[in-house]
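Novice: The structure is given below, and queries will be raised subsequently.
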Amino acid sequence: MTGFYPRFLVRDIRRICRDNKVDVGIISSTRHKNTSVVRFLKKELSTFIELNYKTKLPITNVYATPRTLGMDRVAAAIGSYTKKPGQAHLIIDAGSCMTLDIIDKNACFRGGNITPGMHMRIKAMNDHTDKLPLVPLAYHEELLGRSTEMALQNGAVRGTLFEIEAFIQSASKEYPRININLTGGDTDFLAKYLKSKILADPNLVFEGLNEIVLYNV
């Protein structure tokens, strides 16, 4: 289980556990944790893991500040590496922020970059200027925007695509034959327009969480 929102109540979790006969669980969240849900899961499940930097992992983590590392990044890396062990992987998690992380062929999480996601770019241009409007995301075939709305959309969408493609090129030089994995809420949107060969998997974080559970159990 990952990323509980405040409206996700104990009764919902109780129903899921009952209907699916759940006895092992893991929680990972980049938000403040829902303490009532955590208390319930600790009591209800035979094995419950609150994923943090102290949790035992099936990979090596050399990130310099593990306390501040978003564990969803680690989970996605593990989910990716498990699919093709012994190979390097670039994991692009496109959500509110976009992360671009690398795990090498020796299952060592090397780190990565954090950059604004497409929705954040659109909103920031509206929030931090007096006259630029808030526009919906849209992809245009034309390289140049022919209106302010189109220019904002191209800047956010094409800017994200250009950043991803450039990062893939740089990573491929350092890690030949690297696997490119795309996940996160904007997976379907971006996958349609990226030119590089990628594996799109919106559930990569969940798959990684499952591997962490199996490793600890």
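The values are calculated or read from the model by the stated rules, or taken from the named source; none is laboratory data. Every value quoted in this text rests on a predicted model; they were computed, and no experiment measured them. Glycine also receives a Cβ, built like all others from the backbone with ideal geometry; neighbour counts cover every protein chain displayed.
Novice: S29 is checked against (1) buried (at least 19 other Cβ atoms within 10 Å of the Cβ); (2) at pLDDT 95 or above and fails just one. What number does that condition carry?
Specialist: (2)
Novice: Within segment 18-40, which residues are more than 13 Å from V213 (Cα to Cα) and under 24 Å from the mean Cα position of the chain (by Cα)?
Specialist: Passing the criteria: S29, T30, R31, H32, K33, N34, T35, V37, V38.
Novice: With L182, L143, L194 as the choices, which residue is surrounded by 15 or more Cβ atoms within 10 Å (Cβ to Cβ), assigned to a loop (DSSP other than H, G, I, E, B) and at pLDDT 95 or above?
Specialist: The unique qualifying residue is L194.
Novice: Same structure again: Give the residues of segment 168-212 that are under 24 Å from H140 (Cβ atoms) and more than 16 Å from the chain's Cα centre (by Cα), sorted by residue number.
Specialist: The answer is I168, Q169, K192, Y193, L194, K195, S196, K197.
Novice: What are the residue pairs meeting all of these: first residue in segment 132-149, first residue assigned by TED's automatic domain parsing to the domain that holds I122, second residue part of a loop (DSSP other than H, G, I, E, B), Cβ atoms under 6 Å, and 6 or more apart or on different chains?
Specialist: Correct list of pairs: Y139/Y193; E149/V135.
Novice: S96 fails exactly one of the following numbered conditions: (1) surrounded by fewer than 17 Cβ atoms within 10 Å (Cβ to Cβ); (2) over 30 Å from V157 (Cβ atoms); (3) in contact (Cβ under 8 Å) with a residue 12 or more places away in the chain. What is the number of that condition?
Specialist: Just one mismatch for S96, condition (2).
Novice: Kindly indicate the residue of segment 198-217 that is closer than 19 Å to M98 by Cβ and either free of Cβ contacts under 8 Å to residues at least 24 places away in the same chain or out of contact with any helix residue (DSSP H, G or I) (no Cβ under 6 Å at 6 or more places or on another chain) (or both) and also surrounded by the fewest Cβ atoms within 10 Å (Cβ to Cβ) among those meeting that condition.
Specialist: Ranking the candidates gives N203 first.
Novice: Restricting to segment 179-214, give me the number of residues that are β-branched (V, I, T) and out of contact with any Asp or Glu (no Cβ under 9 Å at 6 or more places or on another chain).
Specialist: Counting residues in segment 179-214 that are β-branched (V, I, T) and out of contact with any Asp or Glu (no Cβ under 9 Å at 6 or more places or on another chain) gives 4.
Novice: Of the conditions (1) under 16 Å from the mean Cα position of the chain (by Cα); (2) surrounded by fewer than 12 Cβ atoms within 10 Å (Cβ to Cβ), S46 fails just one. Which one is it?
Specialist: Evaluating S46 over (1) under 16 Å from the mean Cα position of the chain (by Cα); (2) surrounded by fewer than 12 Cβ atoms within 10 Å (Cβ to Cβ) leaves (1) as the failure.
Novice: Evaluate segment 133-140: report whether one residue or more is farther than 18 Å from G185 by Cβ and buried (at least 17 other Cβ atoms within 10 Å of the Cβ).
Specialist: Yes, that holds for at least one residue.
Novice: Testing N34 on (1) crowded, with 19+ Cβ neighbours inside 10 Å; (2) within 29 Å of L161 (Cβ to Cβ); (3) of a type outside the set (A, V, I, L, M), one condition comes back false. Which one is that?
Specialist: (2)
Novice: Given the structure, is K42 more than 29 Å from I102 (Cβ to Cβ), touching a strand residue (DSSP E or B) at 6+ places or on another chain (Cβ under 8 Å), modelled with pLDDT of 80 or more and among the basic types (K, R)?
Specialist: So K42 passes the test.
Novice: Something else now. Quick one: would you say Y81 is in contact (Cβ under 8 Å) with a residue 24 or more places away in the chain, hydroxyl-bearing (S, T, Y) and over 20 Å from A200 (Cα atoms)?
Specialist: Considered against the rule, which asks whether it is in contact (Cβ under 8 Å) with a residue 24 or more places away in the chain, hydroxyl-bearing (S, T, Y) and over 20 Å from A200 (Cα atoms), Y81 comes out as no.
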